[in-house]
Amino acid sequence: MMTIRKAAMVALGIAAAAVTTTAVAQIVTTNVVFPRGAVATTLAGTIRGPVTRDYVVRATAGQTMRVRLTGSPNLNFNVLPPGSNDSAIFIGSTEGNSFAGTLSVSGAYKIRVYQMRASARRGEVGNFRLSVAVDGRGRGLGGGMAGGNGLGGLNGMNSIRAIDVMGERGSRNVDSTTLGNTQYGIYYNPRTRVCAQLTMANTRVVDARDIRQHPLCR
């Protein structure tokens with residue numbers, strides 16, 4: 001039979017485990033507000049242990065976002081598109097400390113600053129400065145197919161995200177070919193009748209264009 005003392009110790013152990021789990025998952029969220037009339041701002045912050053900081057930037061499809069992280073070398077950042085909590089369009093640990101890209105959809109983007117896992121487990125502290133800029137004329141809320149051929153913002157995008165975006169814009173994949181490390185996907189939008197080809201290599205879209213005709217674009 002478990003003694004009262006032992007039961008209390010077990011309960012404390014469970015409580016400690018719960019606290020630890022919460023700490024690992026802790027995310028501090030900050031809305032980014034640009035100074036009046038400005039398109040850029042710089043924020044300073046600190047990361048301690050497993051804490052993650054999300055900086056939320058609201059932008060419109062067609063605008064260009066630029067992000068640069070400086071400070072402690074054990075820190076990285078990812079860029080997450082609207083509606084995503086884990087699928088990133090930019091991963092700093094493999095792509096570096098700066099990002100620049102034309103946004104494909106309107107909404108709230110998350111710039112997620114975090115420590116490398118080993119540093120987080122050791123409870124290290126990292127200081128950083130995060131420079132964020134959003135400029136250019138957007139295509140309006142709900143953009144994506146507003147004007148043009150509906151391929152805006154795809155060049156340089158993560159391949160998996162680009163495929164999702166094509167579906168969101170009403171295009172379906174009708175053919176695909178792989179040559180070496182390069183994949184070619186053909187997409188047809190029955191509403192706009194755009195026959196598009198995405199060329200993808202190294203997990204990125206390297207070219208997106210309207211090829212106008214293809215036997216399966218119908």
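With the structure loaded, tell me whether Ser104 is in contact with an Asp or Glu (Cβ under 9 Å, 6 or more places away or on another chain), in contact (Cβ under 8 Å) with a residue 40 or more places away in the chain and either part of a loop (DSSP other than H, G, I, E, B) or hydroxyl-bearing (Ser, Thr, Tyr) (or both) or whether it fails that test. When the stated conditions are applied, Ser104 passes them. Sub-7 Å Cβ pairs linking a first residue in region 107-118 that is outside the structural domain of Val33 (by TED's automatic domain parsing) to a second residue that is β-branched (Val, Ile, Thr) and part of a strand (DSSP E or B), at least 6 apart or interchain, number zero. Within the bounds of region 36-47, is there any residue that is in a strand (DSSP E or B), over 18 Å from Ala133 (Cα atoms) and out of contact with any helix residue (DSSP H, G or I) (no Cβ under 9 Å at 6 or more places or on another chain)? The answer is yes; a qualifying residue exists.
Return the total of residues in region 157-208 being assigned to a loop (DSSP other than H, G, I, E, B) and over 24 Å from the mean Cα position of the chain (by Cα). It would help to see each step written out before you state the result.
Applying the first criterion (assigned to a loop (DSSP other than H, G, I, E, B)) to region 157-208 yields 157, 169-171, 180-181, 190-193, 202-203.
Going one step further and asking which of them are over 24 Å from the mean Cα position of the chain (by Cα), we end up with 180, 190-193.
The total comes to 5.
Summed over region 53-75, residues that are modelled with pLDDT under 95 and in contact with a helix residue (DSSP H, G or I) (Cβ under 8 Å, 6 or more places away or on another chain) total 1.
Of the residues making up region 57-71, those that are surrounded by 16 or more Cβ atoms within 10 Å (Cβ to Cβ) and without any contact (Cβ under 8 Å) to a residue 60 or more places away in the chain number 1.
Across region 110-135, the number of residues qualifying as assigned to a helix (DSSP H, G or I) and polar (S, T, N, Q) comes to 1.
The values are calculated or read from the model by the stated rules, or taken from the named source; none is laboratory data. Since we're looking at a predicted model, the values are computed, not measured. All Cβ positions, even for glycine, are placed from backbone atoms using ideal geometry, and neighbour counts span all protein chains on display.
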